[in-house]
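> Starting off with a structure, shown below.
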Amino acid sequence: HEEAATSAADARSRLIVDAAADAILTFDWQGRIESFNAAASRLFGYEPAEVLGRDISLLICTSDKSSVEQVLHNAIETG
């Protein structure tokens, strides 16, 4: 019963995030994209299947690798 409730709650959360007007994406501490909602698809021009598991630097407009690393570090530090 507890597992089914958790699964239902996860499904509701995914529906809410996907219906959000704002772009919402999550990534792990190594910078790999874990989730990418419909608004993020519209904003960045990628379908979720194209970006999930890929490095967040794909979405950051900079040629300076240290800038990407700093953005990632700041996001992790500030939550």
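> Considering each residue of segment 68-79, count those that are out of contact with any Ser or Thr (no Cβ under 9 Å at 6 or more places or on another chain) and in a helix (DSSP H, G or I), and give that number.
Within segment 68-79, residues that are out of contact with any Ser or Thr (no Cβ under 9 Å at 6 or more places or on another chain) and in a helix (DSSP H, G or I) number 7.
> With the requirement that a residue be part of a strand (DSSP E or B) and open to solvent by 80 Å² or more (accessible area, probe 1.4 Å), what does segment 6-38 give you?
32, 34
> Which of the residues spanning segment 47-79 are of a type in the set (Gly, Ala, Ser) and modelled with pLDDT under 90?
Listed by number, the residues that qualify are 57, 63, 66, 67, 75, 79.
> Next question. Taking the conditions exactly as written (of a type in the set (Gly, Ala, Ser), open to solvent by 40 Å² or more (accessible area, probe 1.4 Å) and within 25 Å of residue 11 (Cα to Cα)), does residue 53 satisfy them or not?
Judged against the criteria, residue 53 is a match.
The values are calculated or read from the model by the stated rules, or taken from the named source; none is laboratory data. Model, not experiment: these values are computed from the prediction. So basically every Cβ, Gly included, is an ideal-geometry build from the backbone, and we count neighbours across all protein chains shown. Calculation scope for accessible area: heavy atoms of the full protein, side chains included, ligands and nucleic acids excluded. Shrake-Rupley method; radii C 1.70, N 1.55, O 1.52, S 1.80 Å.
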